[in-house]
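Down below is the structure, laid out as structure tokens.
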Amino acid sequence: MSASVDFVHLHVHSEYSLLDGASKLKEIIDKVKRLNMNAVALTDHGNMYGAVKFYLSSKEIGIKPIIGCEMYLAPRTRFDKETKEDRSPYHLTVLAKDDIGYKNLISLVTLSHLEGFYQKPRIDRELLEKHKDGLIVLSGCLAGQIPSLILENKYSEAKNVAKWFKEIFNDDFYLELMDNGIPEQIAVTKKLLQLSK
């Protein structure tokens with residue numbers, strides 16, 4: 001048997017990420033097993049529909065399941081539903097690190113649909129602060145607030161947003177790095193590495 005790989009995908013979409021994810025849960029889990037990885041996260045867009053199936057299927061074959069969600073962060077508050085800005089929420093990767101985090105993640109997803117829904121289920125900073133315990137937060141893909149600000153050449157604003165997340169989540173906030181070959185991603189990654197120092 002070959003050695004396990006010390007790498008974990010923390011931003012993965014399944015068929016439950018409508019119009020974005022193409023992989024079936026079983027395909028994801030089987031691929032992780034074939035690559036000798038010990039764990040994988042499921043972070044579907046704005047929902048946790050596949051979480052239970054993902055958890056049970058992963059445990060069954062010895063893979064550590066990490067339950068998460070790629071959430072939509074309202075630019076202002078979850079209650080603001082008026083402007084073009086409100087229709088363009090930022091992406092934010094949120095992972096549960098324990099049972100408390102899982103319950104908080106469920107609360108965030110539920111409230112995003114009940115209170116924040118405007119084009120997409122949205123949360124805001126207030127909800128994140130209230131339900132922060134047991135969660136790990138990653139800065140998100142190119143549609144995340146920090147990468148978006150970097151792409152707009154607003155580095156100091158991106159730095160201030162990163163500081164806010166660091167103050168709230170302490171050692172449970174990470175700048176999310178991706179190697180997907182997209183030219184904008186390469187430029188953003190350089191700035192994220194600079195921001196991390």
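Read-outs throughout are calculated quantities, based only on the coordinates presented, and are distinct from any laboratory measurement. If you're wondering where the values come from, they're calculated on a predicted model, not measured in any experiment. Note: ideal-geometry Cβ built from the backbone for every residue, glycine included; neighbour counts use all protein chains shown.
Quick one: of Lys33/Lys132; Lys166/Lys190; Lys33/Lys163; Lys132/Lys197; Lys31/Lys97, which pairs are farther than 29 Å apart, Cα to Cα? Pairs exceeding 29 Å: Lys33/Lys132; Lys33/Lys163.
Note on Phe117 and Lys159: their simple-model spin labels are 4.1 nm apart, each label 7 Å out from Cα toward Cβ.
Using only Cα atoms, find the angle between the long axis of helix 183-195 and the longest principal axis of the chain, and express it within 0 to 90 degrees, rounded to the nearest 10. Long axis of 183-195 versus the principal axis of the chain: about 80 degrees. What range in the chain is the longest one free of GluC sites (Glu not before Pro) that are in a loop by DSSP and have at most 10 other Cβ atoms within 10 angstrom? Free of exposed loop sites, the longest segment is 1-81. For the residues Gln185, Gln145, Gln119, a GNM of the chain with alpha-carbon springs under 10 Å puts the largest fluctuation on Gln119. The residues packed around Lys26, meaning those with a beta-carbon under 13 Å from its beta-carbon, carry a net charge of +1 if Lys and Arg are +1 and Asp and Glu are -1. For Rg/Rh (Cα atoms, Kirkwood Rh), the value computed from the atomic coordinates appears in the list (1) 1.05; (2) 2.04; (3) 0.96 under label (3). Straight-line cross-link reach from Lys191 at under 15 Å between alpha-carbon atoms covers these aspartates and glutamates, not counting any fewer than eight positions away in the same chain: Glu152, Glu157, Glu176, Asp179.
In the chain, if the dipole is taken from +1 on Lys/Arg beta carbons and -1 on Asp/Glu beta carbons about the Cα centre, which of Val161, His91, Gln185 is farthest to the positive end? Most positive-ward Cα: Gln185. Which parts of region 40-57 would a label at Glu15 reach, counting a residue when its backbone N lies under 18 Å from a point 7 Å out along Cα-to-Cβ? Flagged as within label range: 42-45, 47-57. The 3J(HN,Hα) values that the Karplus relation (6.51, -1.76, 1.60; θ = phi - 60°) gives for region 129-140 are, in residue order, 5, 5, 10, 7, 4, x, 10, 10, 10, 10, 5, x Hz. Gly and Pro appear as x.
Summarising the label geometry, the points placed 7 Å from Cα in the beta-carbon direction at Asn38 and Ile100 lie 2.4 nm from one another. Springs join every pair of Cα atoms under 10 Å in this Gaussian network model of the chain, and among Lys159, Lys132, Lys84 the largest mean-square fluctuation is at Lys84.
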